[in-house]
Amino acid sequence: MNDEKRNGLSEDEVMYIKKPLEKAMLELANQKISKEQYREKLIDKTLDNLKENVSETTLGHYRKFLTKILPLNLINKSKLMIQSK
């Protein structure tokens, strides 16, 4: 099964979301919030970083994609990676 079918986004769309996601992670790096709040804010900030350049429909696809790829068990790892930079 190819990435587009598995994740709902093309490879180009996945690469397009990378920088806005990293920017959101940096903005949230030192906040003392729960994993659930971090995940929710990370998704919201990433979408905010994208909303000027993409349609509402595309934002919906990105939200669905981010919700799939950001399970709570990975949140601590991403916070640690950003804080250690």
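The values are calculated or read from the model by the stated rules, or taken from the named source; none is laboratory data. Bear in mind the structure is a predicted one, so any value in this text is a computation, not a measurement. Cβ atoms come from the backbone with ideal geometry, glycine included; neighbour counts cover every protein chain shown.
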If we keep only residues of region 44-85 that are surrounded by 13 or more Cβ atoms within 10 Å (Cβ to Cβ) and not in a helix (DSSP H, G or I), then the residue modelled with the lowest pLDDT is LEU70
Let me spell it out: the conditions are (1) loosely packed, with under 14 Cβ neighbours inside 10 Å; (2) at pLDDT below 90, and LYS19 meets all of them except one. Which number is the exception? (2)
Given the structure, is LEU9 on the phi < 0 side of the Ramachandran plot and modelled with pLDDT under 90? yes
Restrict the check to region 34-45 and report whether at least one residue is in contact with a Leu (Cβ under 7 Å, 6 or more places away or on another chain) and within 17 Å of MET15 (Cβ to Cβ). no
Filter region 22-43 down to residues that are of a type in the set (Lys, Arg) and modelled with pLDDT of 85 or more and give me whichever is farthest from the chain's Cα centre (by Cα). LYS32
Selection within region 29-43 - surrounded by 14 or more Cβ atoms within 10 Å (Cβ to Cβ), without any contact (Cβ under 8 Å) to a residue 40 or more places away in the chain and not basic (Lys, Arg): GLU40, LEU42, ILE43
